[in-house]
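Beneath this line is the structure, given in structure tokens, with notes to follow.
The values are calculated or read from the model by the stated rules, or taken from the named source; none is laboratory data. Keep in mind that what you see is a predicted model, and the values were worked out from it rather than measured. The accessibility values were calculated without ligands, DNA or RNA, using every heavy atom of the protein model including side chains. Shrake-Rupley method; radii C 1.70, N 1.55, O 1.52, S 1.80 Å.
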Amino acid sequence: MTPGYDVDLARIHHEGYGALARAAGEWLVADLQGRGEHAGTIVDLGCGSGVLADVASSAGYDVVGFDLSEAMLQIARTVAPRARFERASFLDVELPRAIAVTAIGEIFNYAFDARAGLDAFRAVAHKVANALAPGGVFVFDVAGPGRAGPTPRHHTRQTPDWVCTAEAIEAADGSHLTRRIVTFLRSGELWRRHDEEHVLRLFDPDTVTAILEEAGFS
């Protein structure tokens, strides 16, 4: 069973919500090339539909991506044929020597893997620090308290072929938020409905900074 991003939502996310991953990939390539790093391995944790992997592999880097959603990986293998992809939790990945490790889209917050949380992030940060070559970079984003705010946040996006609507509700103590996502995908003359619920554990920014410093990042 897919823990999140089944076939319909994977397609919709790829078609409508890939801008952040693309921007991160473009920034990373520019940063590496600006420092004279024109080759090497990039590990993309929670690679999704391969948007970042496509940017980086097209620039000549060896990219390996990991994700729990097989539906996402099926898209990724088409989008970024130069990259290599495997189905795995970011907590179980054996990281190769790399010039960069990425995790874009609040990957560390998602509770698709029940082990996810600050302790898991701490373990991964140490693994990344050990895997990175000198001068290597760790590019990621995380969600913190206030991500959704004190009142439910609603979002809707529509195209001729699909509709995506989501409600984000944050716990009063700021510990986590829940996204309830409903999609409608056109199938001939009919529309197919799909529901998913995503739980994100929210991280205090100062705690994240302390974990990174503890792992040896600057």
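Remarks
- Solvent-accessible area per residue in region 28-180 equals 44 Å², computed with a 1.4 angstrom probe and all protein chains kept.
- Fraction of antiparallel bridges per DSSP, the chain only, in percent to nearest 5: 60 percent
- Alpha-carbon spread of region 95-218, three principal axes, descending order, Å: 55, 35, 22
- Using alpha-carbon coordinates, inclination of helix 70-79 to the longest axis of the chain, degrees: 70 degrees
- Matching the structure-derived Cα Rg over 2.2 N^0.38 Å against the labelled list (1) 1.09; (2) 1.17; (3) 1.02 gives the label (3).
- For the chain, the longest principal axis of the Cα atoms and the long axis of helix 118-131 meet at an angle of about 40 degrees.
- Within the accessible area of the chain, the carbon and sulfur atoms contribute 52%, probe 1.4 Å, all protein chains present.
- Helix 7-16 vs. the chain, principal-axis angle (Cα, 0 to 90°, nearest 10): 70 degrees
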